[in-house]
Structures are given as C-alpha cells and as structure tokens.
Ligand SMILES: [Zn+2]
C-alpha cells in the first residue's frame, strides 16, 4: 500500500551556526521567529542575508532557525549558475568539499569556505510511516508525482526517518517547476524493482536490451 506524500518546495535559504550569525548580525543578537515550517521545531526568521558568489548574488535570502552546528546555504541548480558556483548535490549537513560563498549581513561579512549545496530530494517520515511504506532510513525510492499533463517519476529520493518528522517530500524550486500540479501537490512511492536498485545499472540494461 502507498499513501499520499505531500510535496513541499524549499526555496533558497540559509542555516547558520551561532558563531557565524554573530559575525553577521552582531554579538549577543538572536534569531527572531516569523513562522513555523512543516518540520516540527524548524522556523522562518525575520533576519535576512546576502549571499554572493563569483558571478552573482542573492539579497534577502531567508534564514531558517534554530541554529545549527555548521552554516549551510541551500540553493537550486539554477541558483548555482547565477552565483557562478558548481552545483553539488548533497544531503543536508554533508558539506565537506562543497563550494563556499560570501555571506553579507548588516553588521559584518565573511567568506564561508564550504557549505553551498543543492539539497538532495528527500522524504521526511516517522518510523510508523516507514513501516507502512516498507522503507528504511536512507533508502532511495521512486516517487510518482500527481500532475496535470506533466507527470514526473523522481528517482534517487532519500528516505529520512525520525520520530520528530512530519510526512513530506522536499524538492527545490527547479524540481517543483518540473511537474505541473495544483495547490496541494503530492506523490506516491512506487516500487519499480526489488529492494536494491541502481539507476545507472538500469540504463546499462535498457541499452543492452535487457528489460526488467
Ligand atoms: Zn527536508
């Protein structure tokens, strides 16, 4: 059995460490809450930042709270082209060796050495939901999107399981624009193969005439 998985679009945003925040906004300053996001504990902040790359910049980029141990900028592949940075697809938090950028706040600026990522698309869910959907944390699944004449099957969608999560698939603005849907987009997990699949292998097989 499958269930409706709400699809939410993450526009470009920043997570900051407290140390980096104080460099940008001043010592002793705090984040100010604007509204809750779908994942419990996560919220949009009043504060905004400028992010600058070799070719371009984005002003007024949203900051999401609470503070994290490392700062991280999440953008789409289109955004990386505008900034003039390579697009590196990573899971949130996995920033070693990723491109950096300049962060500019009202009280200061600095070169962030690494941390600009294109977030790998993923689904947040609770352990109970994972049981129903017969998936495990870090599995990669296919998601068929409900659409009006522009359906997409997303491959390589990472499953992330945690008791504090709320069921939602997160895509960036490029991915959201790739399929046409209504105000409440959703998809379902589809099982195309057995437990372990590899899209590279699938392509090789199709090219050599093997059809599963
Ligand atoms: Zn997410």
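FYI, it's all coordinate maths here, none of it is from the lab. As the structure is a prediction and not an experimental result, all values here were calculated from the model. Methodologically, a virtual Cβ is constructed for each residue, glycine included, from the backbone with ideal geometry; neighbour enumeration extends over all protein chains shown.
Distance from the Cα centroid of segment 17-33 to that of segment 65-80 is 16 Å (rounded to whole angstrom). Relative protection proxy for 53-60, 95-102, from highest mean packing down: 95-102, 53-60 (other beta-carbon atoms within 10 angstrom).
For segment 121-207, the antiparallel share of DSSP beta bridges with both residues in that region comes to about 75%.
Against the empirical curve 2.2 N^0.38 Å, the C-alpha radius of gyration of segment 101-212 lands at a ratio of 1.35. Note on the chain: Cα-only Rg and Dmax are 18.7, 64 Å. Just so you know, the Rg over Rh for segment 102-146 is 1.26, from Cα atoms, with Rh as the Kirkwood radius. Over what distance in Å are the Cα centres of segment 96-113 and segment 166-212 separated? Comparing the Cα centres of segment 96-113 and segment 166-212, I get a distance of 33 Å.
Considered as an equivalent ellipsoid built on the Cα gyration tensor, segment 11-119 has semi-axes of 20, 16, 13 Å, the largest given first. The helix-only estimate of mean residue ellipticity at 222 nm for the chain, built from DSSP H runs of length n ≥ 4 each weighted as -39500 (n - 2.57), is -4500 deg cm²/dmol after division by the residue total. Summary value for segment 1-129: 26 percent relative contact order, contacts being C-alpha pairs under 8 angstrom separated by 6+ residues.
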